[in-house]
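Visitor: Got a structure for you, written out below as structure tokens; questions coming shortly.
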Amino acid sequence: VSRSPTNGHLLLHGGAANYRRRFCGLKLWILEILDIWQPKRECGRRGEIKRLKIQNNDQCREQEELSLLHERKASESDQQSILTTDVVAEAENATSQHAGKFTSSDHSKISAEMAAPKAASSSLLQTSSASYHIQHDVEPSLCIAVIGATGELARRKIFPALFALYYSGFLPENVGIFGYSRKNLTDDDLRSIIASTLTCRVDHQENCGDKMDAFLNRTFYLNGGYDNKVGMSKLNARMEQIEDGTKANRIFYLSVPQEALLDVASSLASNAQTLKGWNRIIIEKPFGLDAVSSHRLTQYLLSSFEEKQIYRIDHLLGRNLIENLTVLRFSNLVFEPLWSRTFIRNIQINLSEELGAQMQGRYFDGYGIIRDIVHSHILQTIALLAMEPPISLDGEDIRNEKVKVLRSIRRLDPSDCILGQFKASSEDKVNVFTNSLTPTFFAAALYIDNARWDGVPFLIKAGMGLIKHRVEIRIQFHHVPGNLYRERIGHNIDLATNELILRDAPDEAILVKVNNKIPGLGLQLDASELNLLYKDKYNMEVPDSYEHLLLDVIDGDNHLFMRSDELAAAWSILTPVLKEIDKKNIAPELYELGGRGPVGAYYLYAKHGVRWADE
């Protein structure tokens, strides 16, 4: 407390919380003094004194905590605010009303009495404030449980991605990583299993061994047994030990077969969710086998979780190519004005895979490439490419625009679809399913019936066991009307088509195909590519897609994860085709393992006036 040099008023020094605490105490003290001077108002005053004591214990404490919460966010180097209070005016009014009842010596006595409780209050408040900061500066703990921890996906992809995030500082130091399965293992057993798969990227070499040891020490195992309700209760108890009563958030990665998903999700919802933070679950594709089964699965999940808690993951959507789509469109003036049927002639989306583990065993028996690749990755890519500008980058705003695109896609005609299946001999060392009609190749022509894309074919191609791994989006523009150089281009004008190529594999790049004059005498044109090759431009190792998507889940960014209405819209496009295939037992066209796919795909492109851009 000090006096103002300008007007002589008393000034209180300290934060807002100190001010409120002192104000309540000072007012209480003044009322007690007045109660001594005015015994005839004893009942009323003492009733007010009692009320103020309650406020001092309740209201002032609440206000203090709120103020401290705001003060904690301010810089420690800021000067403490100097607040001018009207308490003095109130005291002076009380003094003037009872001027005849005390002298200047009383005044000095009162000032001394005021200083003592305020000093004690200030000391107490500083101690209280310090303990408050110690308690609340601790970051919320994060627990991540991998259900199905001993599976191939968890071992090869999920745990390495979590370690990469931990190394980079995207996971808190007090994170708890839990593996959950039915096998009888110990913590050390799980650590040994996943340690062999943990590696440090080229740019993650410093203190790699120490970081790996720290990560493994934060990894724990729980044998859930065959009763998931009991198992999830055990998992919850183990998580609470790590969380130690603090605010906690939890992520559950359900890396389990589809037939086990519902039981695991239900047991988790009722026995393993925290009440001290948010809970999020990650579900692997496929999300059902058709519209009916997907709807049942969705309704079951929504009976236990909110939509915002559910993250349907597709690792192909975590590639840098997909994330770059919206950046290219909405941050470059050169592209967005051209992004419509006025300038774009067709769009091709190609995903071809070499022989891989996903083509073995049960892949043929139930899912196939339509349910596994086309339903999620291909249709989500089209939605991001074709959507209208969202009102913000918020996940829900982007999802709102994506679902509009999916609902605008024209009903797919089976005659515009090509099915294929690779044929392999025993020398190829792959399982050959001669009696299966499950396609490993799918090509189709899609149309979006809205003002922006009316009449523009979206040609999609996805295949396994092809000549090379290739993932790209190719946007072909219209020919130049009345092209003055038509005769110089030659008879095949399609070769001179301007193209924007977004390539993820084999080498990530952005290419723009333009026509230019070949240097030298005469006038000869050539179609050349302006290229941004990522490996030349950026000297860094691109993070795995699982790292990207897991970080999005931690941050609550859901724009690359399918919402329930997106899921339903995608199935409404493909379910009629799947029913037609099953009803008529349509046999896929065979193609050589390591070849270019069915010949029918070339005819499909020609039918829609599109030149298939091939190597």
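The values are calculated or read from the model by the stated rules, or taken from the named source; none is laboratory data. Small disclaimer: the values here were computed from a predicted structure and weren't measured. Using ideal geometry, Cβ is built from the backbone for each residue, glycine included, and neighbour counts are taken over all protein chains shown. To get the accessible areas, we keep the full protein, side chains included, count just its heavy atoms, and leave off ligands, DNA and RNA. Shrake-Rupley method; radii C 1.70, N 1.55, O 1.52, S 1.80 Å.
Visitor: May I ask for the percentage of alpha-carbon pairs in region 461-556 that lie more than 23 Å from each other? Write out the running numbers ahead of the final one.
Guide: Details: 2237 of 4560 pairs.
Beyond 23 Å sits 49 percent of the P(r) for region 461-556.
Visitor: Sorting 173, 472 by accessible area (1.4 Å probe), largest first, what list results?
Guide: Listed by decreasing accessible area, they come as 173, 472.
Visitor: Moving on. Please list, in order along region 338-349, the HN-Hα scalar couplings obtained from phi with the Karplus expression 6.51 cos²θ - 1.76 cosθ + 1.60 (θ = phi - 60°), rounded to whole Hz, x for Gly and Pro.
Guide: 3J(HN,Hα) across region 338-349, in whole Hz: 8, 8, 6, 4, 4, 10, 9, 8, 6, 10, 10, 10.
Visitor: Along Cα→Cβ, 7 Å out, is where each label goes; now give me the distance between the ones at residue 354 and residue 334 in nm to one decimal.
Guide: 3.3 nm
Visitor: Oh, and also: Which whole-Hz ³J(HN,Hα) couplings does region 518-526 yield from phi under the Karplus relation 6.51 cos²θ - 1.76 cosθ + 1.60, θ = phi - 60°, glycine and proline marked x?
Guide: 6, x, x, 6, x, 10, 10, 9, 8
Visitor: To the nearest 10 square angstrom, what accessible area does residue 200 show with a 1.4 Å probe?
Guide: It works out to around 30 Å².
Visitor: If you count, for each residue, the other Cβ atoms within 10 Å and average over each peptide, how do 321-328, 515-522, 441-448 line up from highest to lowest?
Guide: On the way: 321-328: 16.8, 515-522: 9.4, 441-448: 23.9.
Output ranking for 321-328, 515-522, 441-448: 441-448, 321-328, 515-522.
Visitor: Suppose all protein chains stay in the model; what accessible area per residue would a 1.4 Å probe give for region 460-594, in Å²?
Guide: Numbers: 6920 Å² over 135 residues.
Ligands and nucleic acids excluded, the figure is 51 Å² per residue.
Visitor: Give me the percent of accessible area attributable to carbon and sulfur for region 538-594, probe 1.4 angstrom. Write out the running numbers ahead of the final one.
Guide: Details: 1310 of 2550 Å².
So the carbon and sulfur contribution to the accessible surface is 51 percent.
Visitor: Would you list 152, 388, 353, 499 from the most to the least accessible area, probe 1.4 Å?
Guide: Numbers: 152 105, 388 70, 353 35, 499 5 Å².
Sorted descending by solvent-accessible area, the residues read 152, 388, 353, 499.
Visitor: Could you please put 345, 319, 250 in sequence from largest to smallest accessible area, using a 1.4 Å probe? If you can, show how the numbers build up before the last one.
Guide: Working: 345 60, 319 85, 250 0 Å².
Sorted descending by solvent-accessible area, the residues read 319, 345, 250.
Visitor: Could you report region 282-354's accessible area per residue, 1.4 Å probe, as an integer in Å²?
Guide: Details: 3090 Å² over 73 residues.
It amounts to 42 Å² per residue over region 282-354.
Visitor: Which of the GluC sites (Glu not before Pro) found in region 540-601 are in a DSSP loop and have at most 13 neighbouring Cβ atoms, other than their own, within 10 Å?
Guide: Values: sites: 541, 547, 566, 580, 589, 592; in loops: 541.
When the GluC sites (Glu not before Pro) of region 540-601 are filtered for loop state and at most 13 Cβ neighbours within 10 Å, 541 remain.
Visitor: Going by average Cβ neighbours within 10 Å, how do the peptides 235-242, 414-421 rank, with the highest at the top?
Guide: Details: 235-242: 17.1, 414-421: 20.0.
Output ranking for 235-242, 414-421: 414-421, 235-242.
Visitor: If we restrict to alpha carbons, what Rg and Dmax does region 501-585 come to, in Å?
Guide: Using the Cα atoms of region 501-585, the pair Rg, Dmax is 22.0, 64 Å.
Visitor: Quick one: Karplus J couplings for region 567-575, per residue in order, coefficients 6.51, -1.76, 1.60, θ = phi - 60°, nearest Hz, x for Gly and Pro?
Guide: 4, 5, 5, 5, 5, 5, 6, 9, 4
Visitor: Using protein chains only and a probe of 1.4 angstrom, how many square angstrom of residue 535 are accessible, to the nearest 10?
Guide: 130 Å²
Visitor: With viscosity set to 1.002 mPa s and temperature to 20 °C, compute the Stokes-Einstein D of region 163-310, Rh being the Kirkwood radius across alpha carbon pairs; µm²/s, no decimals.
Guide: Numbers: Rh = 16.9 Å.
D = 127 µm²/s.
Visitor: While we're looking at this one, here's another question. Could you work out the relative contact order of region 194-320, using alpha carbon pairs under 8 angstrom and six or more residues apart, expressed as a whole percent? Numbers along the way, then the final one.
Guide: On the way: 109 pairs, mean separation 27.1, N = 127.
Value for region 194-320: 21 percent.
Visitor: D for region 549-615, whole µm²/s, Stokes-Einstein with Kirkwood Rh over alpha-carbon pairs at 4 °C and 1.567 mPa s: what number? Before the final figure, lay out the partial values.
Guide: Numbers: Rh = 16.0 Å.
Here the translational diffusion coefficient equals 81 µm²/s.
Visitor: Can I ask one more? Loop-only chymotrypsin sites (Phe, Trp or Tyr not before Pro) in region 486-571, please: DSSP not H, G, I, E or B, and at most 14 other Cβ atoms within 10 Å. Walk me through the numbers before you get to the answer.
Guide: Numbers: sites: 534, 538, 546, 561, 571; in loops: 538, 561.
Here the chymotrypsin sites (Phe, Trp or Tyr not before Pro) that fit, given the DSSP loop and packing criteria, are 538.
Visitor: Next up: Calculated FRET efficiency, residue 599 and residue 540, Cβ-Cβ r, R0 41 Å, to nearest 0.05? Write down the numbers at each step before the final one.
Guide: Numbers: r = 41 Å, r/R0 = 1.00.
Using R0 = 41 Å, I get an efficiency of 0.50.
Visitor: While we're here: Add +1 for every Lys or Arg and -1 for every Asp or Glu among the other residues with Cβ under 12 Å from the Cβ of residue 276, and state the total.
Guide: On the way: positive: 247, 250; negative: 240, 243, 244.
Result for the local shell: -1.
Visitor: A further question follows. Which listed residue (350, 241, 299) has the Cα farthest towards the positive end of the charge dipole for region 240-375, taking +1 on Lys and Arg C-beta and -1 on Asp and Glu C-beta about the Cα centre?
Guide: It is 350, whose Cα lies furthest towards the positive end.
Visitor: Which residues in region 256-279 place their backbone N less than 18 Å from a point set 7 Å from the Cα of residue 394 along the Cα-to-Cβ direction?
Guide: No residues fall inside that zone.
Visitor: Among all lysine pairs in region 505-615 that are eight or more places apart or on different chains, how many have alpha carbons less than 25 angstrom apart? Walk me through the numbers before you get to the answer.
Guide: Working: 513/535; 513/537; 513/607; 579/607; 584/607.
Taking the Cα cut-off of 25 Å, the pair count is 5.
Visitor: So, with a 1.4 angstrom probe, what is the percent of accessible area on region 200-352 that is carbon and sulfur? List each step's numbers first, then the result.
Guide: Numbers: 3590 of 6900 Å².
Of the solvent-accessible surface of region 200-352, carbon and sulfur hold 52 percent.
Visitor: Apply the Kirkwood formula to region 139-199: the hydrodynamic radius equals the inverse of the mean of 1/r over all pairs of different alpha-carbon atoms; give it in Å with one decimal. List each step's numbers first, then the result.
Guide: Working: mean 1/r = 0.0831 Å⁻¹.
Computed over Cα pairs of region 139-199, the Kirkwood hydrodynamic radius comes out at 12.0 Å.
Visitor: P(r) for region 273-336, please, calculated from all Cα pair distances in 10 Å bins and given in %.
Guide: Reading upward from the zero bin: 17, 32, 27, 20, 4.
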